[in-house]
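First comes the structure, then the notes that go with it.
Rule-based calculations on the coordinates, nothing more; no lab input. Values in this document were obtained by computation on a predicted structure and should not be read as measured data. All Cβ positions, even for glycine, are placed from backbone atoms using ideal geometry, and neighbour counts span all protein chains on display.
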Amino acid sequence: MKIKTKNISKSFIVDNRKIDVIKNVNFESADNGITIILGKSGCGKTTFLRLLLGLEKADSGNVIAENNAKISIVFQEARLMPWLNVFDNIAFYMNKKEKNIYKDKIYRLINMIGLNGFDKAYPYELSLGMMQRVSIARALAYDGDIILMDEPFASLDYFTRETLQNETINIFKENKKSIIFVTHSIDEAIILGSKIIIFENGSIKKEYNLIDKPYKRNILSNEFIEIKKDILFSIK
């Protein structure tokens, strides 16, 4: 499932001055792959994601979701409801009847994210990494065709981040969802990406196609070191 943009632009007015944040971007996600949007802070990555989701209205251009695809999102912060336990946070978008119908599915998601036995736990009882896993499961429970992920692991330590990167790959393989993943980490982009899109000053500067590179990737191999060097050169 793909999502595209055609000539999309977005600006904001700051202190009576127009700031062009997204500039005439033509974008196409990888079909049933993980598309990485990579760039420095302030390059327009998050604004672009908000345009895809419909949280921001474009000044011009169009967002086209294939077959009216349903879109879900995982934010940088888990944004769990503190008064709900793990089960109910995952089922947040379901009514009571749907919770009963999809009860087995919710427990499968809890198992998939490695939180067996935590279904009755509340957010204050979870680590940051565990909360982010719940957030990912909630996006899957919504059953979106495309999942947007806005730097979801940015606040996590190296080891938790590596674990959740591997889980993201496993979720992608098991569920065959299209994922659009925003990051400023080149290593993370190489580890996860079927397609890497470099954003700079609100525009697409360069694209890399890694769809033929199997997971699990060794970022210390000569091949990926060369890709990293090229990306660094592109961003500087």
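Points worth noting:
- q = 0.16 Å⁻¹: log10 I(q)/I(0) that the Debye formula gives for the chain, counting C-alpha atoms only: -1.16
- Each Lys and Arg contributes +1 and each Asp and Glu -1, all at the Cβ; summed about the Cα centre of the stretch 115-217, the dipole is approximately 280 debye.
- Hz values of 3J(HN,Hα) by residue in the stretch 5-20 - Karplus curve (6.51, -1.76, 1.60), Gly and Pro given as x: 10, 10, 6, 8, 9, 8, 9, 10, 9, 10, 6, 6, 10, 7, 10, 7
- Dipole moment magnitude, nearest 20 debye, the stretch 78-143 about Cα centre, only Lys, Arg, Asp, Glu C-beta charged: 120
- Residue-span extension gain [Lys120 to Asp31] - 0.36 nm each, minus C-alpha spacing: 28.4 nm
- Amide hydrogen proximity for Ile36: with H placed 1.01 Å from N in the peptide plane, the residues at 5 or more positions away or on another chain lying under 5 Å are Phe181, Ser194, Lys195, Ile196, Ile197.
- Under the combined filter of DSSP loop state and at most 11 neighbouring Cβ atoms within 10 Å, the stretch 1-77 retains these trypsin sites (Lys or Arg not before Pro): Lys57.
- Checking every one of the trypsin sites (Lys or Arg not before Pro) in the stretch 80-177 against DSSP loop status and a limit of 16 other Cβ atoms within 10 Å picks out Lys120, Lys176.
- Subtracting the Cα-Cα distance of Lys103 and Ser127 from their residue separation scaled by 0.36 nm leaves 6.2 nm.
- Of Lys23/Lys229; Lys18/Lys206; Lys45/Lys177; Lys70/Lys229, those spanning more than 30 Å from alpha-carbon to alpha-carbon: Lys70/Lys229
- For the stretch 30-181: relative contact order, % (alpha-carbon pairs under 8 angstrom, 6 or more apart): 38
- Across the stretch 129-142, rounded Karplus estimates of 3J(HN,Hα) from the backbone phi angles (6.51 cos²θ - 1.76 cosθ + 1.60, θ = phi - 60°) give x, 5, 5, 5, 4, 4, 4, 5, 4, 4, 5, 6, 5, 5 Hz, Gly and Pro being marked x.
- Residue with peak Gaussian network fluctuation, the chain [Cα springs, cutoff 10 Å], from Phe12, Phe172, Phe118: Phe12
- Counting only DSSP H runs of at least 4 residues, each contributing -39500 (n - 2.57), and dividing by the residue count of the chain, the helix-based mean residue ellipticity at 222 nm comes to -10500 deg cm²/dmol.
- Among the trypsin sites (Lys or Arg not before Pro) in the stretch 182-234, those placed in a DSSP loop whose Cβ has at most 15 other Cβ atoms within 10 Å are Lys216.
- Estimated dipole of the stretch 126-166 in Debye, rounded to 20 [Cβ of Lys and Arg +1, of Asp and Glu -1, Cα centre]: 160
- Residue (of Pro123, Thr46, His184) at the positive-pole extreme of the chain, dipole from beta-carbon charges: Thr46
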